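Below you'll find the structure, written out as structure tokens, and then a few comments.
Since every read-out is calculated from the coordinates, none of them should be taken as a lab result. Not measured: the values here are computed from a predicted model. Cβ placement follows ideal geometry from the backbone for every residue including glycine, while neighbour counts extend to all protein chains displayed.
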Amino acid sequence: MIGLAPWLIGFPLIGAAILLLWPVVLGRRSIDRWGHWLGVAASAASGVVAFILMFRMIGTPAEGRSVDHHLWTWLSAGGLDVDLGLRLDPLSLTFVMLVTFVGTLIHVYSVAYMDHDPDRRRFFAYLNLFVAAMLTLVLADSYLLLFVGWEGVGLASYLLIGFWDTGRPSARENAVAAKKAFVMNRIGDMGLIAAMALLFAHAGALDFGTALSDDSVGSMSQATATAVGLCLLLAACGKSAQFPLQAWLGDAMAGPTPVSALIHAATMVTAGVYLMVRSGAILEAAPTAQLVVVLVGAVTLLFGAIVGCAKDDIKKALAASTMSQIGYMMLAAGLGPAGYAFAIFHLLTHGFFKAGLFLGAGSVMHAMGDQTDMRRFGGLSRFLPITWITMGLGWLAILGIPPFSGFWSKDGIIEAAFIPVEGQPWRAWVFGTVAVLGAAITAFYMTRLFFMTFGGRRPRWTEGQHPHEGSPLMWWPLVFLGVGSAALGLVLGIGGTFTTWLEPVVGHAEHHEPVLPVWLIITATLVVVVLGALLAFRMYAVQLVPEEAPRGSALTRAARKDLYQDAANETLVVRPAFGLARVVQVGDRDVVDRGWSVLPQAVSWFGGVFRKAQTGYVRSYAAGMAGGVLVIAVVAWLVVGLGGAQ
Amino acid sequence: MDITNYVVLAAVLFAVGATTVLLRRNAIVVFMGVELMLNATNLAFVTFARMHGDLTGQVLAFFVMVVAAAEVVVGLAIIVTIFRTRRSASVDDVNLLRG
């Protein structure tokens with residue numbers, strides 16, 4: 001097993017290296033012809049390795065499934081020894097399967113989607129780089145190596161959001177979006193660095209085996225555990241676009257659609273949830289931090305859902321939905337062992353149905369001449385049947401209609417949210433209600449998206465559109481993801497297969513019964529979901545959708561502007577920061593610099609005075625010298641004379 | 001003959017030389033003043049050597065002569081060059097290096 005795991009990262013890394021370096025050394029004409037297939041092959045090779053490892057792990061008894069592969073000693077400095085190693089356990093392998101399988105499908109899709117882009121090779125190089133970094137992140141056996149992957153996916157995300165930044169003014173939006181994502185992620189990274197520093201100060205090690213052991217966590221004070229937990233949460237908020245660091249995700253849709261599907265829906269943005277679940281031991285030692293995690297999840301869940309209801313741009317609506325769904329996962333991750341398995345389960349099913357929805361959106365955009373405004377779609381079901389059916393499966397999955405995959409995972413989270421917490425009876429009711437309410441709003445905005453795009457008898461297209469399905473390279477991945485959206489939950493959810501699978505990592509969850517009977521929770525959720533969907537169906541399929549967005553209520557207008565998140569950031573953070581910078585700049589220039597410049601000015605003034613002695617007349621110098629000698633002689637004579645007198 | 005007379009003569013000669021340097025404008029004359037001061041010094045050296053019965057002063061006088069000869073060569077060359085370019089031998093005309 002040791003022999004294979006590094007190849008998971010190795011294949012895409014080598015692919016990225018070849019794709020980036022070949023043109024430098026050997027020119028780009030040759031590699032531009034087959035470079036994209038090299039990218040697909042690198043990702044697929046990684047996927048094959050993942051499958052082999054998966055089957056081997058299934059064949060291993062549950063207690064032997066968590067294996068640390070020591071590769072080499074990375075750095076040894078004083079008390080800090082960090083070994084470079086990979087941890088292969090059911091949790092990391094779940095991620096590996098998701099990343100390589102969905103990643104390879106999206107690679108294949110991109111071959112067709114990016115067909116006309118002259119820079120397709122570079123695109124695949126970045127995609128491979130992303131896959132390598134993401135696998136490093138999830139396979140790392142220490143926080144330090146995890147951080148390497150963490151930064152790697154941030155870099156790949158930045159490069160891909162700004163992929164179409166050609167330097168022309170029209171592409172400025174791409175550059176700004178890329179920078180926004182990068183900078184907001186840096187804020188989260190500060191949290192991860194601080195958490196690592198705290199962990200190192202406490203445990204003297206950064207590998208999961210030592211830092212998260214019972215010894216280490218057990219001896220941690222309440223304050224330390226809370227601080228580490230909150231720092232990790234900050235990191236997770238940055239990477240997973242959770243409140244209050246959520247503003248970058250909507251703008252990140254400026255990147256090509258396959259990027260949105262892979263990075264900003266299925267994998268990278270869920271890294272925060274992975275971090276929370278991986279660090280579960282610390283969170284369990286800090287109930288306050290756990291409560292904050294649940295709160296962040298709940299707020300983001302509603303935030304994303306409300307924003308998603310008002311967006312007319314199909315990609316931005318999906319981005320808001322992603323934010324909201326990750327809010328669900330975050331909420332579950334904060335609920336302790338009862339929630340971990342469902343957080344990861346929802347992450348997995350969400351990876352499938354949201355990637356499918358994004359690729360479907362890409363397919364629609366491809367057919368409609370890169371139009372993203374849903375008010376200009378309508379009636380597309382007849383022209384794009386495959387996209388219609390596969391997106392339909394994704395739609396039913398995200399709604400949580402049984403037996404589609406979202407039902408199994410989301411329902412688990414809602415039930416877990418209703419589990420009472422000792423001493424805080426309000427929590428189960430508040431968070432349970434939020435989760436159910438979120439499901440209803442999800443049903444509304446996803447139904448709205450689905451019927452604005454495919455429903456309606458009268459198309460609202462712009463002139464000269466002839467929508468048609470793309471090449472098989474585009475719709476086969478859609479079919480795979482559609483099948484996954486439909487069946488994955490049933491396969492893994494029935495009888496708790498997935499929960500058992502994760503047990504070696506997250507532990508067995510003994511918990512109280514929910515405050516409401518389970519059948520009532522399921523029924524109530526389904527009822528509000530169907531009501532939400534029916535309302536949207538009535539508004540956007542039965543009634544005509546205006547081509548121009550109506551003015552809408554105050555809430556709609558706020559949601560269109562992402563609930564004023566940019567204005568809030570601008571007022572609360574950017575302006576004060578600019579103000580502070582301005583104060584420092586003026587202080588430096590007018591106080592420090594001016595203060596110090598008194599010294600050279602004084603020297604200059606004295607120089608000006610003494611300069612006048614240099615008349616240029618030789619005779620005046622001679623007189624000066626003669627006078628000086630005379631003075632010295634007189635002084636010497638006086639001194640000697642006085643000395644002699646004594 | 002009282003040996004202090006020589007010292008007084010040296011002092012008078014030095015004063016004449018110094019006054020010449022300070023008061024005259026013509027470079028050649030200034031130069032002559034310098035020479036006069038040097039020779040006044042030489043006279044003082046020799047006088048004190050005799051006074052103390054020590055040859056060091058006399059040896060130093062020779063050194064001064066040699067250095068003065070070299071100085072005359074360089075100094076006259078400079079004065080001639082300045083005269084050629086500026087048509088003047090006045091030291092007050094050469095004041096470009098003023099502050």
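Give A:LYS180/A:LYS316; A:LYS316/A:LYS354; A:LYS179/A:LYS410 a once-over and call out the pairs whose C-alpha atoms are over 23 Å from each other.
Beyond 23 Å between Cα atoms: A:LYS179/A:LYS410.
Top mean-square fluctuation among B:LEU13, B:LEU38, B:LEU23, Gaussian network model of chain B, C-alpha springs under 10 Å?
B:LEU23
Report ³J(HN,Hα) in whole Hz for each residue of segment A:306-311, in order, from the Karplus equation J = 6.51 cos²θ - 1.76 cosθ + 1.60 where θ = phi - 60°; Gly and Pro get x.
Ordered by residue, 3J(HN,Hα) equals 5, 4, x, 5, 9, 6 Hz.
Counting only the backbone N, which residues of segment A:532-564 are under 15 Å from the spot 7 Å out from the Cα of A:ASP373 toward its beta-carbon?
Residues passing the 15 Å test: A:545-551.
Convert each backbone phi in segment A:256-272 into a coupling constant with the Karplus relation 6.51 cos²θ - 1.76 cosθ + 1.60 (shift: θ = phi - 60°), then list the ³J(HN,Hα) values in order as whole Hz, x for Gly and Pro.
Calculated HN-Hα couplings, in order: x, 4, x, 5, 4, 5, 7, 8, 9, 9, 8, 10, 4, 5, 8, 4, x Hz.
Provide the per-residue ³J(HN,Hα) series for segment A:46-61, in order, calculated from phi with Karplus coefficients 6.51, -1.76, 1.60 and θ = phi - 60°, each as a whole number of Hz, with x at glycine and proline positions.
Calculated HN-Hα couplings, in order: 4, x, 5, 4, 4, 4, 4, 4, 4, 5, 4, 5, 4, x, 9, x Hz.
For segment A:581-605 and segment A:322-383, what is the centre-to-centre distance using only Cα atoms, to the nearest Å?
Here the answer is 56 Å between Cα centres.
Based on the Cα atoms of the protein assembly as shown, what semi-axes does the equivalent ellipsoid have, where each is the square root of 5 times one gyration tensor eigenvalue, given in whole Å with the largest first?
With the √(5λ) rule applied to the protein assembly as shown, the semi-axes are 86, 32, 27 Å.
On a C-alpha basis, how far is the centre of segment A:503-540 from the centre of segment B:72-97 in Å? Whole number, if you could?
Here the two parts' Cα centres lie 108 Å apart.
Which one, B:GLY53, B:GLY33, B:GLY17, has the greatest fluctuation when you compute a Gaussian network model over chain B with C-alpha springs under 10 angstrom?
Taking springs between Cα atoms under 10 Å, the residue moving most is B:GLY53.
How long is the gain from A:ILE522 to A:ARG551 if the chain were fully straight, where each residue apart is worth 0.36 nm and the alpha carbon distance is subtracted?
The span from A:ILE522 to A:ARG551 would gain 6.8 nm if fully extended.
In what order do A:PHE431, A:PHE51 fall by count of nearby beta-carbon atoms within 10 Å, going from fewest to most?
Listing A:PHE431, A:PHE51 from fewest to most nearby Cβ atoms yields A:PHE51, A:PHE431.
Using label points projected 7 Å from each Cα along Cα→Cβ, tell me how many nm separate A:HIS116 and A:PHE578, to one decimal.
3.9
Compute the Rg to Rh ratio over segment A:296-560 from the alpha carbon atoms, using the Kirkwood formula for Rh, and round to two decimal places.
0.99
In nm, to one decimal, how far is the modelled label at B:ARG50 from the one at A:ALA613, with both set 7 Å along Cα→Cβ?
4.1
Run the helix sum for chain A: -39,500 (n - 2.57) per DSSP H stretch of 4+ residues, divided by residue count, reported at 222 nm to the nearest 500 deg cm²/dmol.
-23500 deg cm²/dmol
Measure nothing but the geometry: give the 0 to 90° angle between the long axis through the Cα atoms of A:472-493 and the longest principal axis through the Cα atoms of chain A, rounded to 10°.
Tilt of helix A:472-493: around 80 degrees.
Considering amide H positions built from the backbone, and no H for Pro or chain starts, which residues 5 or more places from A:THR615, or on another chain, come under 5 Å of its amide H?
Those lying under 5 Å, H to H, from A:THR615 are B:GLY99.
What is the fewest-to-most order of A:ASP83, A:ASP32 by other Cβ atoms lying within 10 Å of their Cβ?
Ascending number of Cβ neighbours within 10 Å: A:ASP32, A:ASP83.
With r defined as the distance between the Cβ atoms of A:VAL586 and B:ALA70 and R0 fixed at 51 Å, what FRET efficiency is calculated, to the nearest 0.05?
The value I calculate is 0.20.
Could you calculate the FRET efficiency of B:ALA11 with B:THR85 from 1/(1 + (r/R0)^6), where r is the beta carbon distance between them and R0 is 25 Å, rounded to 0.05?
0.05
When the Kirkwood radius is taken over all Cα pairs of segment A:225-313, what Stokes-Einstein diffusion coefficient follows at 37 °C and 0.692 mPa s, in µm²/s?
239
Please give me, ordered by residue number, the trypsin sites (Lys or Arg not before Pro) of segment A:424-471 that lie in loop per DSSP and have at most 11 other Cβ atoms within 10 Å.
For trypsin sites (Lys or Arg not before Pro) across segment A:424-471 that sit outside H, G, I, E and B with at most 11 neighbouring Cβ atoms in 10 Å, the list reads A:ARG457.
Taking amide H atoms as placed 1.01 Å from N in the peptide plane, list the residues 5 or more away in sequence, or in a different chain, whose amide H sits under 5 Å from that of A:ARG87.
A:HIS69, A:ALA140, A:ASP141
Can you give me the relative contact order of chain B as a percent, contacts being Cα pairs under 8 Å and 6 or more apart?
27
Applying 1/(1 + (r/R0)^6) with R0 = 60 Å to the Cβ-Cβ distance of A:ARG538 and A:ARG29, what FRET efficiency is obtained, to the nearest 0.05?
Between A:ARG538 and A:ARG29 the formula returns 0.60.
Multiply the residue separation of A:LEU630 and A:ALA17 by 0.36 nm, subtract the distance between their alpha-carbon atoms, and state the gained length in nm to one decimal.
Contour length minus Cα-Cα distance gives 212.3 nm.
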